1. So how many residues does the stretch 191-231 have that are under 19 Å from the mean Cα position of the chain (by Cα) and in a helix (DSSP H, G or I)?
2. Counting residues that are under 30 Å from residue 188 (Cβ atoms) and of a type in the set (D, E, K, R), which strands (runs of 3 or more DSSP E) fully inside the stretch 1-111 reach at least 2?
3. If you take the residues in the stretch 269-295 that are free of Cβ contacts under 8 Å to residues at least 60 places away in the same chain and closer than 25 Å to residue 142 by Cβ, which one is surrounded by the fewest Cβ atoms within 10 Å (Cβ to Cβ)?
4. Just one of 60, 96 is among the hydroxyl-bearing types (Ser, Thr, Tyr) and within 19 Å of residue 286 (Cβ to Cβ); which is it?
5. Could you tell me whether any residue of the stretch 163-181 is modelled with pLDDT of 65 or more, closer than 19 Å to residue 49 by Cα, of a type in the set (A, V, I, L, M) and open to solvent by 30 Å² or more (accessible area, probe 1.4 Å)?
6. Go through (1) touching a His at 6+ places or on another chain (Cβ under 9 Å); (2) buried (at least 23 other Cβ atoms within 10 Å of the Cβ) for residue 79 and report which single condition fails.
7. Every residue in the stretch 246-263 that is modelled with pLDDT of 95 or more and surrounded by fewer than 21 Cβ atoms within 10 Å (Cβ to Cβ), please.
8. Report, ordered by the first and then the second residue, all pairs with beta carbons closer than 7 Å, sequence separation of six or more or different chains, a first member in the stretch 56-72 that is under 15 Å from residue 16 (Cβ atoms), and a second member that is among the aromatic types (Phe, Trp, Tyr) and not in a loop (DSSP other than H, G, I, E, B).
Amino acid sequence: MTKPDWLAPLFPWEQKTLTVNGRVMSYIDEGDPAARPVLLLSGNPTWGFLYRDFVAPLTSAGYRVIAPDWIGAGYSSHPRVDAALTLAHHIADLVSLLDQLDLRGFVIVGQDWGGPQGVGAALQRVERLDALVLMNTWLFTGSVGKFHSSPRPWTTWHAPLIGQFFMKRHKVLSQHGPSATTVRGLTPDEARAYHHVFDEPDSDHVVLTWPRTIPMREGDRGWADMRAIEKRLPELSAVPTLLLWAPEDEVFPLSYAERLKELLPHAEGPVTFDHARHFLQDDRGKDLAAAIAEFLKRRLTPNREANRAWMSPA
């Protein structure tokens, strides 16, 4: 897919690509290549465009900004195979990117699916992880919030036949998701930027697979993978962690942040941002980027190699 000219004023950065596990992953890579990498990880049904207000502030603060598009989303390959789009596959794809770009001393910034997929990959390369920022996401099993247990819209989308009807035929998420979950509202071009990557027929397969991978109960697809992430969270006890949260989000309300705080007691926050809903990056992007830059400046040493020794217990 070629980036259209109308998108350049909103998202001017070059889409780069590499092959991960046999498929093409697209990403932007901005800033000094020798600087600390900050990976900006999005969720369903968004792509790197979600972080458009983060790139300039973070590169100006001296960081290397990398925003990949998950396989199935954005400008990456869009396989029509459900088995290629599971939590385990997305984790493996990100690990491949980390290895191919040889990223060290990196920072994970994850929201929605960017949380478990980003942390899942980071745990596979935990010796190279230097900090973690989580925004309206989850890393645990056994907690089903109101949104994920309600007939409308969640369990309706999840249903075998009617879910296909709403998600595939009417594209309720891929064409309308970000527009429906913003406080400030999106401009027509912003809304178009989100959904044009799914304009090709049946190209939004991932939008249906992601919801069906959220484990509601033991035995569900994704349960074992999420449980494995949850069990390994104590390994992150020395990793500086920040929770940034939009309490108006109906998908991952503040109770999810409180649960993460129990699992990651060393984490700062949750720092809350009002006038923002699920995709808080759309509503409060510049404020969130400023909070992340301040946190990283305060918690990490300038030298990436020295930082690992600085964090390690005596």
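The values are calculated or read from the model by the stated rules, or taken from the named source; none is laboratory data. Predicted, not measured: the structure shown is a model, and the values here were computed from it. No Cβ is skipped: glycine too gets one built from the backbone with ideal geometry, and neighbour counts run over all protein chains shown. Side chains are part of the model used for accessible areas, which takes the heavy atoms of the whole protein and leaves out ligands, DNA and RNA. Shrake-Rupley method; radii C 1.70, N 1.55, O 1.52, S 1.80 Å.
1. So the count comes out to 22.
2. Values: elements: 16-20, 23-30, 37-41, 64-68, 106-111.
Correct list: 23-30.
3. 272
4. Criteria check complete, one pass: 60.
5. yes
6. Result: residue 79 fails condition (2) only.
7. 247, 248, 253, 254, 255, 258, 259, 261, 262, 263
8. Every condition considered, the pairs that remain are 66/27; 67/27; 67/51; 68/27; 69/27.
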